[in-house]
Amino acid sequence: MSQDIKNDENLWEVPNAVPLIKVQGVTKRFGSFTAVDNVDLNIYKGELFSLLGGSGCGKTTLLRMLAGFETPTSGTITIDGVDMTDVPPYERPINMMFQSYALFPHMTVESNVAYGLKRDGVEKSEIARRVDEMLAMVELSSFMKRKPHQLSGGQRQRVALARALIKRPKVLLLDEPLGALDKRLRTQTQFELMNIQDKLGVTFVVVTHDQEEAMTLSTRIAVMDEGSFVQIGTPTEIYEFPETRYVAKFIGSANMFNGRVTQDGADHIEISVNDLDTKFYIDHGASVRLNAEIWIAVRPEKIIISKTPPEKPGPNQLKGTIHDIGYLGNMSTYRVEMSNGMIVDVTAPNQTRYRSAKHDLDWDDQVYLSWAPSSAVVLQK
């Protein structure tokens with residue numbers, strides 16, 4: 001349900017579609033340090049949009065400016081057609097869910113969820129109705145009289161989500177919402193979060209440093225580095241068509257090869273790889289010039305590994321020796337050393353128990369690597 005199609009129509013692809021959130025030329029400086037550097041961003045109604053990047057990249061600062069906890073040094077933030085740049089947090093049509101969940105320990109689940117409505121003076125009957133409705137949605141109706149310390153981490157996360165959503169904001173901001181959960185629970189909760197967001201149709205903006213989480217949750221992802229957006233796109237676009245070496249290596253893993261363009265056709269290019277006696281052939285055109293120095297990225301799962309050489313020599317073929325093996329249960333990772341000392345990572349599924357228990361491939365085996373002409377990506381930045 002996440003990935004690239006969540007609604008019948010991707011609004012960001014619709015000409016003249018009006019974004020719900022519009023960030024224009026926003027910069028945030030703290031003294032001489034620029035945390036966010038002149039960014040532009042459109043987020044559309046119903047999206048589950050992720051801001052992804054490493055520590056210090058500016059993603060949390062941008063989220064805090066959307067929430068109103070920080071004021072931009074320059075630029076504007078518009079939500080649903082209204083300029084919110086200088087509007088205080090409590091007057092914005094948004095709510096924010098923090099990583100710590102910030103639940104009141106002395107209150108029951110029911111009281112925690114109802115807190116915002118009580119502060120707003122909503123009638124008791126309406127509060128009771130909406131609390132019941134929200135707890136049913138997050139599947140916590142039977143826990144309404146418990147207190148936070150009597151709940152699991154995943155249950156506390158859902159209470160915080162219910163409390164954030166009960167006021168029916170147009171936008172929900174989530175700061176590392178699953179960071180406090182263990183891996184198994186985090187994976188389960190990702191799908192729960194997606195289902196709740198889909199039912200309500202509220203626009204979610206999520207800050208995360210976890211690439212897998214962003215790939216699973218998001219309609220689109222903005223990859224940030226040093227205060228700027230490096231690439232914005234759907235999970236498929238970001239992973240399969242990275243625009244820079246930074247994105248290729250930050251999202252998943254990628255083998256990077258440096259070389260020069262020796263053929264530049266309308267539908268293919270050929271690259272002579274530095275320090276390796278081989279050529280790479282890519283069967284999709286790229287905007288490159290002959291003899292240009294470029295980089296080629298090949299994902300580990302795109303590479304075929306075998307102890308048997310290919311039937312005939314050709315491009316996109318390498319020979320090396322297995323240097324390391326990592327057994328991960330569902331798959332194995334092979335680190336293959338080339339003649340020039342370069343290490344190429346290859347992943348292969350463990351499709352049978354025999355393969356898992358007794359490797360077909362072992363340390364120091366000589367192996368042959370190959371991949372399809374469509375598998376590599378040309379990078380010039």
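The values are calculated or read from the model by the stated rules, or taken from the named source; none is laboratory data. Computed from a prediction, not measured in an experiment: that's the story for all the values here. Here Cβ is always computed from backbone atoms with ideal geometry, including for glycine, and neighbour counts include all displayed protein chains.
Within the bounds of region 139-153, is there any residue that is of a type outside the set (Gly, Ala, Ser), under 30 Å from the mean Cα position of the chain (by Cα), assigned by TED's automatic domain parsing to the domain that holds residue 208 and part of a helix (DSSP H, G or I)? The answer is yes; a qualifying residue exists. Annotation: of all residues in region 190-247 being within 17 Å of residue 46 (Cα to Cα) and among the aromatic types (Phe, Trp, Tyr), the one that is surrounded by the fewest Cβ atoms within 10 Å (Cβ to Cβ) is 191.
At pLDDT 95 or above, under 24 Å from the mean Cα position of the chain (by Cα) and of a type in the set (Val, Ile, Thr): does that describe residue 36? Full working, then the answer.
Values: at pLDDT 95 or above: yes; under 24 Å from the mean Cα position of the chain (by Cα): yes; of a type in the set (Val, Ile, Thr): yes.
So residue 36 fits the description; yes.
One line per residue, one yes/no per condition, for (1) more than 19 Å from residue 275 (Cβ to Cβ); (2) of a type outside the set (A, V, I, L, M, F, W, C); (3) in contact with a Phe, Trp or Tyr (Cβ under 6 Å, 6 or more places away or on another chain); (4) modelled with pLDDT of 95 or more:
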{"site": "307", "(1), (2), (3), (4)": "yes, yes, no, no"}
{"site": "312", "(1), (2), (3), (4)": "yes, yes, no, no"}
{"site": "328", "(1), (2), (3), (4)": "yes, no, no, no"}
{"site": "337", "(1), (2), (3), (4)": "no, yes, no, yes"}
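Cβ-Cβ contacts under 8 Å between residues 6 or more apart (or on different chains), taken from a first residue in region 353-381 that is on the phi > 0 side of the Ramachandran plot to a second residue that is modelled with pLDDT of 80 or more and not aliphatic (A, V, I, L, M), are listed as 364/321.
Note on region 139-157: among residues that are at pLDDT 90 or above and among the basic types (Lys, Arg), the one that is surrounded by the fewest Cβ atoms within 10 Å (Cβ to Cβ) is 145.
Yes/no matrix, rows are residues, columns are (1) among the basic types (Lys, Arg); (2) within 22 Å of residue 221 (Cα to Cα):
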{"position": "22", "(1), (2)": "yes, yes"}
{"position": "39", "(1), (2)": "no, yes"}
{"position": "52", "(1), (2)": "no, yes"}
{"position": "55", "(1), (2)": "no, yes"}
{"position": "95", "(1), (2)": "no, yes"}
{"position": "125", "(1), (2)": "no, no"}
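Filtering region 68-99 to residues that are modelled with pLDDT of 95 or more and assigned to a helix (DSSP H, G or I) leaves nothing. Here region 119-138 is the region considered, the condition is being surrounded by 15 or more Cβ atoms within 10 Å (Cβ to Cβ) and in a helix (DSSP H, G or I), and the residue that is farthest from the chain's Cα centre (by Cα) is 127.
Residues to consider are 206, 223; find the one that is farther than 21 Å from residue 95 by Cβ and hydrophobic (A, V, I, L, M, F, W, C). Talk me through it step by step, then tell me what you get.
On the way: 206 fails: farther than 21 Å from residue 95 by Cβ.
Unique residue meeting the criteria: 223.
Taking region 182-281 and the strands (runs of 3 or more DSSP E) fully enclosed by it, the elements with 3 or more residues that are in the same structural domain as residue 73 (by TED's automatic domain parsing) and of a type outside the set (Phe, Trp, Tyr) are at 203-208, 220-225, 228-233. Candidates are the residues of region 213-261 that are among the charged types (D, E, K, R) and touching a Lys or Arg at 6+ places or on another chain (Cβ under 9 Å); the one that is modelled with the lowest pLDDT is 213.
Considering only residues that are of a type in the set (S, T, N, Q) and in contact (Cβ under 8 Å) with a residue 60 or more places away in the chain, which ones fall in region 68-95?
The one that is of a type in the set (S, T, N, Q) and in contact (Cβ under 8 Å) with a residue 60 or more places away in the chain: 95.
Only a single item in (1) hydrophobic (A, V, I, L, M, F, W, C); (2) within 18 Å of residue 71 (Cα to Cα); (3) part of a loop (DSSP other than H, G, I, E, B) is not met by residue 104, and it is number (2).
Selection of region 322-347 for residues being under 30 Å from residue 268 (Cα atoms), loosely packed, with under 14 Cβ neighbours inside 10 Å and of a type in the set (Ser, Thr, Tyr) yields only 339.
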